[in-house]
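These notes are about the structure you will find just below.
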Amino acid sequence: MSSDADNPFMTAKNWAKEGEPLGLSIAAADATAGLSVIEAEALHDAPDLPADVAMESLSRGRAAALAYLHAHSLTLCGAANRLEVEPAELRGQITRGVVVAFDLGDGLRIPTWQLYEDQLLPHLDAVLARLRESMSPLELARLMTVRRDSLDGETIPAWLGAGGDVARVLRIVEETWNR
């Protein structure tokens with residue numbers, strides 16, 4: 001398991017306690033208590049940006065990201081129904097790391113990029129085994145939904161679903177996300 005410092009959902013306030021600078025005043029740091037480390041790093045990289053402008057921008061970005069994740073995921077029961085398995089079986093796959101799930105506050109959500117024609121994406125387990133534990137749901141969505149020249153213009157799920165070579169995908173994961 002990764003340390004709290006690697007956790008993208010660790011709050012900026014806790015991150016600051018680890019001794020990392022925020023690039024904001026102490027008052028602004030208190031206002032960032034709900035930010036992820038990634039968001040706090042973005043603020044650190046723009047120390048001259050007024051805190052209220054930065055927070056408004058991050059709030060809009062966070063809202064858009066959450067809306068995207070919600071729209072492109074299913075509930076645990078919804079995904080289990082689509083896969084024609086019991087929710088307990090799907091929960092077991094999540095526990096074993098065979099399926100990714102996240103919680104947006106309304107229960108476990110299963111990103112739809114993991115599904116291909118009402119089945120789990122071929123080679124999903126191999127791909128997930130190569131990912132950093134600290135990847136956020138949005139980073140995973142970006143990895144999986146960006147079209148790539150190295151996959152003949154396809155996304156990772158489209159490539160794997162069509163029977164594409166998993167080795168090419170694993171190289172992308174290694175080169176892009178596990179530096």
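Bear in mind that the values in this text are calculations on the coordinates, not laboratory data. This structure is a prediction, so every number in the text was calculated from the model and none was measured. Cβ: placed from backbone, ideal geometry, glycine included. Neighbour counts: every protein chain shown.
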Inset, instruction - Could you please find all residues in region 128-179 being in contact with a strand residue (DSSP E or B) (Cβ under 9 Å, 6 or more places away or on another chain) and among the acidic types (Asp, Glu)? - result: Glu154
Legend entry - Conditions (1) surrounded by 15 or more Cβ atoms within 10 Å (Cβ to Cβ); (2) among the acidic types (Asp, Glu); (3) more than 17 Å from the chain's Cα centre (by Cα): number failed by Asp149: (1)
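To keep it simple, each residue is scored yes or no on (1) touching a Lys or Arg at 6+ places or on another chain (Cβ under 8 Å); (2) among the small types (Gly, Ala, Ser); (3) surrounded by 19 or more Cβ atoms within 10 Å (Cβ to Cβ).
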site: Ala65; (1), (2), (3): no, yes, no
site: Pro87; (1), (2), (3): no, no, no
site: Leu90; (1), (2), (3): no, no, yes
site: Ala101; (1), (2), (3): yes, yes, yes
site: Gly107; (1), (2), (3): no, yes, no
site: Pro111; (1), (2), (3): no, no, yes
site: Tyr116; (1), (2), (3): no, no, no
Legend entry - helices (runs of 4 or more DSSP H) completely within region 82-179 that count 3 or more residues being in contact with a His (Cβ under 9 Å, 6 or more places away or on another chain): 166-177
